[in-house]
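Inspection log for the structure reproduced underneath, given as structure tokens.
The values are calculated or read from the model by the stated rules, or taken from the named source; none is laboratory data. Quantities reported herein were computed from a predicted structural model and do not represent experimental measurements. Counting neighbours? That spans all protein chains shown, and the Cβs are built from the backbone with ideal geometry, glycine included.
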Amino acid sequence: MRSRWIVAALAAVLLFASPSVVSACPFCSPSGETLSGEVSQADFILYGTLSNAQKDPTDPDSFNKGTTDLTIELVIKGHDAVKGKKVVTVPRYLPPDPKNPNLKHLIFFKLYADQLDAYRGEGVPADSKLPEYLKGAIEARSKDMVTRLTYFFGYLESPDLVISSDAYSEFGYAEYKEVRDLADKWKADPAKGKQLLAWMEDKNTRPTRFGLYGMLLGHCGKPEDAKVLRSLLDDPARSYTSGLDGVIAGYVLLDPKAGWDYLLKVIGNAKKDFSERYAGLRTVRFFWESRPDVIAKTQVLDAMKVLMDQSDLADLPMEDLRKWKVWELTPVVLAYAGKESHNIIPIVTRAVLKFAIAAATADPKNTQAVEFVAQARQKDPRRVEFLESLLKDEQKPPATTSPTASSSKLK
């Protein structure tokens, strides 16, 4: 058995439910539902030892059809269906892992009438802190967000990958305001800033964490910490394959002038890798959408002009300006329709036309946008009609799908 398994039913839940559960923390990339979040979906959760794995005699070649006994050692979340039981039969064939014969297992169950569905399992070492962590996480979720996130902060660098990844995802799904409230409270606790700095300076810290740590330090750190962040950004031995946006954001928060100047150099250097300039764009978005009190919107728009001038990513800031309804930049955006470096790239010309359609729809007195759309309609009416319908659909809420779960009888 692999250390972690998720059946098709759960995969479908995550696939179709994900549009309503998006990453709210600006510089985090959580993956799937958190363990404690799944507690509300599970009818009960058990921890123990697997034994007596039996294949389904009617289908012996199947990968996981069959049954396995779970000897219960700890009830993480209880249910009357298993009250007083010492053993529960899991409706899956889960043979021992020859490489890890002493693994314990944490299993999430759902009940459908008299049918039992073991839809998620975590294989963990016998000395794992996962059961303890999950019980604490369940309790933390019932408290205020500052208390809750403080609990998960303590596990962000846990040596157990399942635990640290789950704690990170808890931050990823928190609203930015909640993360900011937590970090702002840490200003009175220097130890938190020192801990963040230590993690960022540690070359063993996973790159995926840098965005979160940089942003948190930007809120709770001291002005002199800006120099430390700058030294990390300038260190040639470090490659920020992810998290660069959050580190730059933290730098700007600690030193708005120096940090913003650094950001402009990143996004203004067309020779830099696309991923670096895109990280810069994400940082620019952050200050428009979440922190206009730090960087004026006029400065943000100037940065967007710099980004639009680079044909390989011009469509992205154009789309942002359309969503932000910055119609005063209509002349700037539409000018790229006549620029050879841009008009040979279909995705850019599409972004220009979408901006024009949205601007003309929002303000019929925007003659430049209205005329641009009219000319485009004359050349290719079907294309304009398609983009108009696309923009209308963009305003509709996403549909949700309820998958049918597979199950077996509870024995």
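Can you tell me which residue among Tyr119, Tyr93, Tyr47 is in contact with a Gly (Cβ under 9 Å, 6 or more places away or on another chain) and in the same structural domain as Ser36 (by TED's automatic domain parsing)? Only one candidate passes the filter, namely Tyr93.
Hey, could you check the stretch 88-99 for residues that are of a type outside the set (D, E, K, R) and either more than 21 Å from Asp61 (Cα to Cα) or more than 34 Å from the chain's Cα centre (by Cα) (or both) and say which is surrounded by the fewest Cβ atoms within 10 Å (Cβ to Cβ)? Here the residue is Pro98. Looking across the stretch 113-154, the residues that are within 17 Å of Glu33 (Cα to Cα) and among the aromatic types (Phe, Trp, Tyr) come down to Tyr119, Tyr133, Phe152. Taken together, Ala17, Ala53, Ala81, Ala12 contain a single residue that is surrounded by 14 or more Cβ atoms within 10 Å (Cβ to Cβ), modelled with pLDDT of 85 or more, part of a helix (DSSP H, G or I) and out of contact with any helix residue (DSSP H, G or I) (no Cβ under 6 Å at 6 or more places or on another chain), which is Ala81. Residues of the stretch 20-50 that are at pLDDT 50 or above and part of a helix (DSSP H, G or I): Leu35, Ser36, Gly37, Glu38, Val39.
Every residue, every condition in (1) in contact (Cβ under 8 Å) with a residue 60 or more places away in the chain; (2) within 17 Å of Thr67 (Cα to Cα); (3) under 31 Å from the mean Cα position of the chain (by Cα); (4) not assigned by TED's automatic domain parsing to the domain that holds Asp61, yes or no:
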| site | (1), (2), (3), (4) |
| --- | --- |
| Lys86 | no, yes, no, no |
| Pro101 | no, no, no, no |
| Ile107 | yes, yes, yes, no |
| Lys110 | yes, yes, yes, no |
| Asp127 | no, no, yes, no |
| Lys143 | no, no, yes, yes |
| Tyr151 | no, no, yes, yes |
| Val162 | yes, no, yes, yes |
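Out of Leu253, Leu182, Leu229, one residue alone is under 23 Å from Val306 (Cα atoms) and touching a helix residue (DSSP H, G or I) at 6+ places or on another chain (Cβ under 6 Å). It is Leu253. Residues that are closer than 29 Å to Arg230 by Cβ and acidic (Asp, Glu) number at least 1 in the following helices (runs of 4 or more DSSP H) confined to the stretch 246-355: 256-268, 274-289, 297-308, 315-324. Screening Leu254 on (1) within 21 Å of Tyr278 (Cα to Cα); (2) surrounded by 22 or more Cβ atoms within 10 Å (Cβ to Cβ) shows it passes everything except condition (1). Looking only at residues in the stretch 201-240 that are farther than 16 Å from Pro30 by Cα and of a type in the set (Ser, Thr, Tyr), the one that is farthest from the chain's Cα centre (by Cα) is Ser231. Here Asp69, Asp59 are screened, and the one residue that is part of a loop (DSSP other than H, G, I, E, B) and either modelled with pLDDT under 90 or more than 31 Å from the chain's Cα centre (by Cα) (or both) is Asp59. For the stretch 348-365, a tally of residues being aliphatic (A, V, I, L, M) and either outside the structural domain of Ser389 (by TED's automatic domain parsing) or free of Cβ contacts under 8 Å to residues at least 24 places away in the same chain (or both) returns 1. Going through the stretch 221-245 one residue at a time, which ones are surrounded by fewer than 20 Cβ atoms within 10 Å (Cβ to Cβ), in a loop (DSSP other than H, G, I, E, B) and either at pLDDT 95 or above or in contact with a Leu (Cβ under 9 Å, 6 or more places away or on another chain) (or both)? Result: Lys222, Pro223, Glu224, Arg238.
The test for being basic (Lys, Arg) and not in a helix (DSSP H, G or I) does not hold for Lys194.
Out of all the residues in the stretch 247-273, which are within 23 Å of the chain's Cα centre (by Cα) and at pLDDT below 95? Asp273, the sole residue that qualifies.
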